[in-house]
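Below: the structure, in structure tokens.
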Ligand SMILES: Cc1ncc(COP(=O)(O)O)c(C=O)c1O
């Protein structure tokens with residue numbers, strides 16, 4: 001396996017030249033920094049091919065090729081989908097999933113059951129609203145602690161999911177990786193176990209929706225290998241522009257989804273039946289800059305090799321932070337990791353914690369120390385995983401939430417040292 005050339009990676013992000021430490025890469029509405037190649041393509045699109053799609057004149061033809069062919073093909077590769085016709089573009093993953101759920105209104109019956117993780121609201125809220133509209137029943141798959149000494153060391157376990165499945169189970173929606181817990185779930189294993197249980201119980205149609213927003217910056221997606229129906233992620237967290245891509249398996253697109261577009265548009269077999277109004281074309285084209293960047297990270301020039309190198313480097317970031325926060329001194333201080341406490345390949349460098357006990361400290365007060373110091377951007381809160389944080393026991397103030405440090409492959413060991421230095425001060 002090739003080691004990640006972090007200096008090379010950083011050189012592709014002009015924003016990193018200031019030396020500011022971006023430690024909020026999983027942030028909502030703005031995530032990772034944008035790779036130069038993406039910014040160049042957006043600029044170039046606007047200056048040279050900014051024309052309405054579908055006309056016969058030459059500039060329109062090139063614009064159409066970029067937006068309707070080149071970009072969906074890049075998204076297809078990022079999902080490992082079968083066809084670019086399975087790709088939907090939307091302003092955000094939240095709106096993409098809301099549109100999907102609205103498109104499924106006609107295919108949901110009263111009494112159907114949805115199993116949700118109640119994780120990030122983007123892959124929960126749209127299903128909850130669909131359940132209300134159609135009289136479906138919502139059940140929650142909740143995470144449980146892995147360490148008896150830390151009630152917040154929670155992860156989702158397959159054995160907690162399976163008893164929830166019945167002959168009525170229609171939808172299973174979960175996140176491949178939590179934007180709070182930072183654990184990558186065994187997606188293929190979960191899907192296989194859920195499909196087998198659903199079949200045994202006599203469920204007629206189970207469709208599975210996987211939120212990959214907090215997963216996609218760190219690992220490769222493979223919707224075909226995973227055998228999922230729906231998958232979504234936001235390019236603005238994967239070094240690209242502020243746009244989201246949704247994968248909808250062709251059979252689901254044809255059989256489960258009704259168009260939510262204007263009645264006169266002929267879209268039955270097209271993924272844009274879920275795209276009411278056009279997405280920003282320059283942003284759609286902008287995503288084509290992400291793939292060459294990812295491929296350029298290793299000489300193999302394939303996504304698996306690049307993500308292997310990313311995963312290996314990211315371990316060197318997550319290990320020291322977890323080692324510091326779980327040291328006997330910090331445990332004594334009241335620090336509790338929210339999520340898996342051990343580093344490892346199923347752990348991404350999204351690290352959340354709270355400080356409880358006699359010397360309990362508000363998450364906002366920890367972040368204030370960082371803000372005062374300057375030069376490092378991290379945040380506190382529930383990060384829209386409101387239900388997950390709200391259900392933790394013993395209770396924590398959901399609005400104060402957790403302190404979250406979310407790193408990605410362009411962060412360095414030196415940056416991690418600086419982050420730990422400020423953490424030491426904040427926890428004094
Ligand atoms: C796990 C997860 N899912 C979904 C979202 C929502 O993505 P978007 O901002 O594109 O709607 C986020 C954003 O933070 C997230 O972290």
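Based on what the data block shows, is residue 217 in the same structural domain as residue 95 (by TED's automatic domain parsing) and surrounded by fewer than 24 Cβ atoms within 10 Å (Cβ to Cβ)?
Spelling it out, it is not the case that residue 217 is in the same structural domain as residue 95 (by TED's automatic domain parsing) and surrounded by fewer than 24 Cβ atoms within 10 Å (Cβ to Cβ).
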Hey, can you tell me all the residues within segment 390-428 that are crowded, with 24+ Cβ neighbours inside 10 Å and either farther than 19 Å from residue 316 by Cβ or not assigned by TED's automatic domain parsing to the domain that holds residue 356 (or both)?
401, 402, 403, 404
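Okay, residues lined up against (1) within 16 Å of the ligand (Cβ to nearest atom); (2) outside any loop (DSSP other than H, G, I, E, B); (3) under 16 Å from residue 24 (Cβ atoms); (4) more than 21 Å from the chain's Cα centre (by Cα):
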| position | (1), (2), (3), (4) |
| --- | --- |
| 364 | no, yes, yes, yes |
| 380 | yes, yes, yes, no |
| 389 | yes, yes, no, no |
| 409 | no, no, yes, no |
| 424 | no, yes, no, yes |
Name the single residue that is farthest from the ligand (Cβ to nearest atom) among those in segment 94-148 being free of Cβ contacts under 8 Å to residues at least 12 places away in the same chain and under 20 Å from residue 340 (Cα atoms).
148
Lone qualifier among 160, 207 - being modelled with pLDDT of 95 or more, away from the ligand (no atom under 16 Å from the Cβ) and surrounded by fewer than 17 Cβ atoms within 10 Å (Cβ to Cβ):
160
Subset of segment 242-300 [surrounded by 22 or more Cβ atoms within 10 Å (Cβ to Cβ) and assigned to a loop (DSSP other than H, G, I, E, B)]
243, 249, 257, 297
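Considering only residues that are touching a strand residue (DSSP E or B) at 6+ places or on another chain (Cβ under 7 Å) and within 9 Å of the ligand (Cβ to nearest atom), look in segment 236-249 and name the one that is farthest from residue 207 (Cα to Cα). Write out each step before concluding.
Within segment 236-249, the subset touching a strand residue (DSSP E or B) at 6+ places or on another chain (Cβ under 7 Å) is 243-248.
With within 9 Å of the ligand (Cβ to nearest atom) added as a condition, the list becomes 243-244.
On the way: 243: 24, 244: 20 Å.
Per the stated criteria, the residue is 243.
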Single condition residue 53 does not satisfy, out of (1) over 19 Å from the mean Cα position of the chain (by Cα); (2) part of a helix (DSSP H, G or I):
(2)
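A quick yes/no check of all residues on (1) surrounded by fewer than 19 Cβ atoms within 10 Å (Cβ to Cβ); (2) assigned by TED's automatic domain parsing to the domain that holds residue 211; (3) more than 19 Å from the chain's Cα centre (by Cα):
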| residue | (1), (2), (3) |
| --- | --- |
| 75 | no, yes, no |
| 105 | yes, yes, yes |
| 112 | no, yes, yes |
| 118 | no, yes, no |
| 133 | yes, yes, yes |
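The values are calculated or read from the model by the stated rules, or taken from the named source; none is laboratory data. Predicted model, so just to flag it, every value in this text is computed and none were measured. Cβ sites come from the backbone with ideal geometry, for glycine too, and all protein chains shown count toward neighbours.
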